[in-house]
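Student: Pasting in a structure now, in structure tokens, and then I'll have a few things to ask.
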Amino acid sequence: MMRLALLTLYLLCLSSLNAQSFKGGILLGFTASQIDGDSYSGYDKLGLQGGVFITREILPYLDARFEIKYTSRGARNPASEDNIGSYLLTLHYVDLPVIAAFKVKNYGSADIGLVPGYMFAAGGEDDAGKLPKDYLVEFHKFDLGLLIGLSIRLTQKASVSLRYSYSIFSIRDLETAGAYYSWFGKIFGQSRGDFNNYLTLGINYNLK
């Protein structure tokens with residue numbers, strides 16, 4: 001039921017974005033990610049995001065926003081005194097988020113949306129060298145995530161956004177010994193498979 005409601009929200013927001021009245025801009029920022037379902041925890045994989053967006057007012061208190069952007073996700077287990085091994089996984093996505101932004105006066109907005117994504121490349125390494133191709137091809141090409149976040153207005157044209165995103169469906173159907181699932185995954189009863197779990201911090205600049 002929740003997935004159906006989110007899909008309905010996505011379609012309504014998408015249908016409202018027409019060329020009659022919209023504002024556009026660019027966005028740049030950073031990601032901090034992990035993969036729920038592997039044996040590592042912590043948002044240790046840092047990456048980049050960047051793209052463009054358009055927004056359209058639906059109601060005085062509600063905007064619809066559509067983005068096209070690149071987002072880096074993955075997982076990292078850095079070597080340390082307590083951990084002699086290391087692991088790095090990088091997943092490269094083109095994302096098409098559709099977001100409902102509930103405006104809070106002139107301060108910013110509370111955001112919720114869906115993030116369809118296509119993984120166009122993957123890579124990584126561990127102590128043995130580069131991760132083998134048969135390991136990387138196990139990841140599904142398509143991802144659908146849930147997004148929640150806050151946007152804070154800085155100036156008439158600039159704002160900063162902090163978001164949390166989590167895959168609705170698994171990105172890899174694999175059982176891992178000692179699999180770790182974060183609080184969000186446990187809420188939905190995840191116990192098998194891998195899921196993108198990541199934070200984004202972005203700067204948005206309106207061109208119009």
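The values are calculated or read from the model by the stated rules, or taken from the named source; none is laboratory data. None of the values given here were measured: they were computed from a predicted structure. Heads up, the Cβs are rebuilt from the backbone with ideal geometry, glycines too, and the neighbour counts pull from every protein chain shown. Ligands, DNA and RNA are excluded from the accessible area calculation, which covers all protein heavy atoms including side chains. Shrake-Rupley method; radii C 1.70, N 1.55, O 1.52, S 1.80 Å.
Student: Pull up all non-local amide H partners of F169: gap of 5 or more, or a different chain, and H-to-H distance under 5 Å with H placed in the peptide plane.
Tutor: Hits under the 5 Å cutoff: L144.
Student: Still on this structure: Would you compute, from DSSP H runs of 4+ residues alone, the mean residue ellipticity of the chain at 222 nm, taking -39500 (n - 2.57) per run and dividing by the full residue count, rounded to the nearest 500?
Tutor: -3000 deg cm²/dmol
Student: Assigning unit charges at the beta carbon (Lys, Arg +1; Asp, Glu -1) and nothing else, what dipole magnitude in debye, to the nearest 20, does the chain show about its Cα centre?
Tutor: My answer is approximately 1160 debye.
Student: Any chance you could list P(r) for segment 137-189, counting all Cα-Cα pairs in 10 angstrom bins from zero, rounded to whole %?
Tutor: Result returned by the calculation: 18, 38, 25, 15, 5, 0.
Student: Hey, any idea what % of segment 105-208's accessible area is carbon plus sulfur with a 1.4 Å probe?
Tutor: 62 percent
Student: Another question, then. Quick one: if you stick a label point 7 Å off each Cα along the C-beta vector at Y180 and L162, how many nm between them?
Tutor: Placing both labels 7 Å beyond Cα along the Cβ direction yields 2.2 nm.
Student: In nm, give the distance between the simple-model label positions of I26 and R192, each being 7 Å from the Cα along the Cα-to-Cβ direction.
Tutor: 4.6 nm
Student: For segment 39-78, what class follows from the C-alpha gyration tensor (a ≥ b ≥ c being the square roots of its eigenvalues): rounded when a/c is under 1.5, otherwise prolate if a/b is larger than b/c, else oblate? Don't jump to the answer; show the numbers that get you there.
Tutor: Values: a/c = 5.49, a/b = 2.57, b/c = 2.14.
Prolate, since a/c reaches 1.5 and a/b exceeds b/c.
Student: May I ask you to work out the translational diffusion coefficient for segment 104-195 at 10 °C, viscosity 1.306 mPa s, via Stokes-Einstein with Rh from the Kirkwood sum over Cα pairs, reported in whole µm²/s?
Tutor: Taking Rh from Cα pairs, D becomes 100 µm²/s.
Student: Rounded to the nearest whole Å², what accessible area per residue is found for segment 109-158 with the 1.4 Å probe?
Tutor: 59 Å²
Student: Can I ask one more? Under 15 Å from the Cβ of F102, count the other residues' Cβ atoms, weight Lys and Arg +1, Asp and Glu -1, and hand me the total.
Tutor: Working: positive: R56, R65, K103, K105, R153, R163; negative: E57, D63, D111.
So the surrounding residues net to +3.
Student: Number of Lys pairs in the chain with C-alpha atoms less than 28 angstrom apart, excluding same-chain neighbours closer than eight positions?
Tutor: Lysine pairs meeting the criterion: 25.
Student: By the scheme Lys and Arg +1, Asp and Glu -1, what is the net charge of all other residues having a beta-carbon under 13 Å from that of T90?
Tutor: Surrounding charge for T90 is +1.
Student: May I ask for the Rg/Rh ratio of the chain, computed from Cα atoms with Rh as the Kirkwood radius, given to two decimals?
Tutor: Taking Rh as the inverse mean 1/r over Cα pairs, Rg/Rh reads 1.00.
Student: Angle between the Cα long axis of helix 2-16 and the longest principal axis of the chain, 0 to 90 degrees, nearest 10?
Tutor: Orientation of helix 2-16: about 40 degrees from the principal axis.
Student: Once the piece of chain linking I148 and D44 is laid out straight, how much longer is it, given 0.36 nm per residue of separation minus the C-alpha distance between them?
Tutor: Here the answer is 35.4 nm.
Student: OK, next. Say R0 is 35 Å: what FRET efficiency, to the nearest 0.05, do E57 and E138 get from their beta-carbon distance? Each step should come with its number before you reach the end.
Tutor: On the way: r = 43 Å, r/R0 = 1.22.
The value I calculate is 0.25.
Student: Counting only protein heavy atoms, what percent of the accessible surface of segment 39-81 is carbon or sulfur at a 1.4 Å probe?
Tutor: 57 percent
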